[in-house]
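**Q** So that we are looking at the same thing, I have put the structure below in structure tokens.
The values are calculated or read from the model by the stated rules, or taken from the named source; none is laboratory data. Just so it is clear, the model here is predicted, and its values are computed rather than measured. Backbone-built Cβ (ideal geometry, glycine too); neighbour counts: all protein chains shown. Keep in mind that these areas ignore ligands, DNA and RNA; they rest on the heavy atoms of the full protein, side chains included. Shrake-Rupley method; radii C 1.70, N 1.55, O 1.52, S 1.80 Å.
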Amino acid sequence: MNQIISPARHIKGIIRVPGDKSISHRAVMFGAIADGDTRISNFLRSADCLSTISCFQKLGIAFDTDPETGTLIVHGRGLRGLCEPSSVLDTGNSGTTTRLISGILAGQSFSSVLDGDASIRKRPMKRIMTPLGLMGADIVSVSGNDCVPLRISPAPLNGIDYQSPTASAQVKSCVLLAGLYADSKTCVTETVLSRNHTELMLAGFGAGVASRKTPKGYEASVSPGSSLHGTYITVPGDISSAAYYLAAALIVPGSEVLIQNVGINPTRTGLLEAVRRMGGEFHLLDRRMEGGEEAADLLVRSSSLHGIEIGAELIPSMIDEIPVLAVLAAYAEGTTVIRDAAELRVKETDRIKTTTRALRRMGAKITPSSDGMVIEGGAPLHGAAIDSCLDHRIAMSMAVCALAAEGPTTIKDADCAGISYPSFYSDLESLIQR
Ligand code: S3P
């Protein structure tokens, strides 16, 4: 599907973003290996999270939806209750599904094979195969290229003390989940703290998890032995989805948007810090706890932005928001430098390449580097035909970019937004004044 986006006069109104993708995945996975039912409200029914559900259905887990509230009910079968799947587990486009489920599967008494779409088949799995191998797991890349398909076979697991070379929540979570099945404590340390939803949520399920700062960095640990018990989870709105309205309101003059119920876990709010440094106006209202995570309403007003430099300390907490930050930078005065973000090269697409290509087509001055990009803001942008490259975050970032450009923009394969935000274009439309 192609989507045409015409420039907006203003962005105005109130919007509620769908549930957080990272938290939705985890709620299903942890619910599946907990004893008893887990009830998940505001679960994100996007393609990625549905991939997680379908994998666990193949592993013998039953799901229901409460017809009145829409709450998703996971009928957990306990740490050792999963069944051998009769076919390949298809993780679709989802890196989170692939990497986290690998940690769980490494601890099972049956074999399984994981595979995914063309994008996931290119994404690096060595980063989980290495620590899982150190734990004694039997995990092989069937094609020998350290990508999926992966075959995971039963093997006893030992606890490890792992210094993660990348600040990746997917790697950390994979190792911690395998740690639930190990014979002793497992620790993962990272130099910059990646999103900590796994640690927070596993604690809510009754697992023996702990987090602390050590001289080596941020350590998360899990002690095996305790079973997980089913629980209630309310998923806060996804700040990675709110990011598109935040950006739209900032760059379209005369705009004001209230984005309701946004998760503001500090390991996810790097974009807010970047926007603050750029001079953008936003306010966090009614800060509260939502399902063990902090949430707030986010009020944003259009602002004149200026360029900034960002690096290692901020990147992990805004890794999925770099494409939309690049859009903000293109509309800002002065130069924005993004460095230490080589991880962008191994996302759903090489986002250094796809962001650069898309923004250049609209007239932006942007230069890629090995680990980021440099954007000279302030060049007038014009509508163009943009290829999403089937990357949801590129499609949505460029839709936002189009709102403040001259003339209409066509986004090719725009429906890939459904990976994380199925109703994105209609929700965006509801805020646009032309
Ligand atoms: C995620 C972690 C991040 C992020 C991804 C979701 C998660 O990936 O990019 O969209 O839910 O753990 P990495 O952990 O690989 O950085």
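**Q** Looking at ALA118, ALA155, ALA167, ALA178, which is the one that is farther than 27 Å from GLY81 by Cα, open to solvent by less than 50 Å² (accessible area, probe 1.4 Å) and either part of a loop (DSSP other than H, G, I, E, B) or at pLDDT 95 or above (or both)?
**A** The conditions single out ALA167.
**Q** What are the residues in the range 156-169 that are of a type in the set (A, V, I, L, M, F, W, C) and within 16 Å of the ligand (Cβ to nearest atom), if any?
**A** ALA167, ALA169
**Q** Hey, does the range 415-434 have a residue that's farther than 24 Å from ILE15 by Cβ and over 18 Å from the mean Cα position of the chain (by Cα)?
**A** no
**Q** Let me ask something additional. What single numbered condition from (1) within 16 Å of GLY133 (Cα to Cα); (2) part of a strand (DSSP E or B) fails to hold for ARG212?
**A** Just one mismatch for ARG212, condition (1).
**Q** Kindly check whether there is at least one residue in the range 230-242 that is outside any loop (DSSP other than H, G, I, E, B) and farther than 20 Å from MET289 by Cα.
**A** no
**Q** List the residue pairs whose Cβ atoms are under 9 Å apart, where the first residue sits in the range 153-173 and is under 24 Å from THR191 (Cβ atoms), the second is open to solvent by 10 Å² or more (accessible area, probe 1.4 Å) and among the acidic types (Asp, Glu), and the two are 6 or more positions apart or on different chains.
**A** GLY159/ASP183; ASP161/GLU219; THR166/GLU343; ALA167/GLU343; SER168/GLU343; LYS172/GLU199; SER173/GLU199
**Q** Residue by residue through the range 1-53, note down the ones that are within 16 Å of the ligand (Cβ to nearest atom), closer than 29 Å to ILE251 by Cβ and in a loop (DSSP other than H, G, I, E, B).
**A** Across the range 1-53, the qualifying residues are VAL17, PRO18, ASP20, LEU44, SER46.
**Q** OK, next. Looking at (1) in a helix (DSSP H, G or I); (2) within 15 Å of the ligand (Cβ to nearest atom); (3) over 19 Å from the mean Cα position of the chain (by Cα), can you tell me which one ALA248 breaks?
**A** Checking ALA248 against (1) in a helix (DSSP H, G or I); (2) within 15 Å of the ligand (Cβ to nearest atom); (3) over 19 Å from the mean Cα position of the chain (by Cα), the one that fails is (2).
**Q** Give the residue that is surrounded by the most Cβ atoms within 10 Å (Cβ to Cβ), with candidates limited to residues of the range 140-149 that are closer than 16 Å to LEU89 by Cβ and within 16 Å of the ligand (Cβ to nearest atom).
**A** Here the residue is VAL148.
**Q** Can you name the condition, by its number, that ALA379 falls short on among (1) surrounded by fewer than 17 Cβ atoms within 10 Å (Cβ to Cβ); (2) outside any loop (DSSP other than H, G, I, E, B)?
**A** Result: ALA379 passes all but (2).
**Q** What is the residue count in the range 273-327 for residues that are surrounded by fewer than 20 Cβ atoms within 10 Å (Cβ to Cβ), in contact (Cβ under 8 Å) with a residue 40 or more places away in the chain and assigned to a helix (DSSP H, G or I)?
**A** Of the residues in that region, 1 qualify.
**Q** Could I ask something else about it? If I filter the range 382-434 down to residues being open to solvent by 40 Å² or more (accessible area, probe 1.4 Å) and among the hydroxyl-bearing types (Ser, Thr, Tyr), which single residue comes out as farthest from PRO7 (Cα to Cα)?
**A** The qualifying residue farthest from PRO7 (Cα to Cα) is SER423.
**Q** Looking at (1) within 13 Å of the ligand (Cβ to nearest atom); (2) open to solvent by 10 Å² or more (accessible area, probe 1.4 Å), which is the one condition that is false for LYS172?
**A** Going through (1) within 13 Å of the ligand (Cβ to nearest atom); (2) open to solvent by 10 Å² or more (accessible area, probe 1.4 Å) one by one, LYS172 breaks only (2).
**Q** Can you name every residue in the range 329-347 that is out of contact with any helix residue (DSSP H, G or I) (no Cβ under 7 Å at 6 or more places or on another chain) and closer than 29 Å to THR98 by Cα?
**A** ARG339, ALA342, VAL346, LYS347
**Q** Is it fair to say ILE61 is in contact (Cβ under 8 Å) with a residue 24 or more places away in the chain, among the β-branched types (Val, Ile, Thr) and touching a Pro at 6+ places or on another chain (Cβ under 6 Å)?
**A** no
**Q** Can you confirm whether THR96 is within 24 Å of the chain's Cα centre (by Cα), touching a residue at least 24 places away in the same chain (Cβ under 8 Å) and in a loop (DSSP other than H, G, I, E, B)?
**A** no
**Q** Where residues in the range 186-205 are in contact with a helix residue (DSSP H, G or I) (Cβ under 8 Å, 6 or more places away or on another chain) and part of a loop (DSSP other than H, G, I, E, B), which of them is farthest from LEU132 (Cα to Cα)?
**A** The extreme case among them is PHE205.
**Q** Spot the failing condition for CYS187; the list is (1) away from the ligand (no atom under 16 Å from the Cβ); (2) under 28 Å from ARG121 (Cα atoms); (3) open to solvent by less than 30 Å² (accessible area, probe 1.4 Å), and only one is missed.
**A** (2)
**Q** Another question about this same structure. Conditions: (1) within 12 Å of the ligand (Cβ to nearest atom); (2) within 25 Å of LEU82 (Cα to Cα); (3) in contact (Cβ under 8 Å) with a residue 40 or more places away in the chain. ARG123 meets all but one. Number of the miss?
**A** It fails just one condition, (2).
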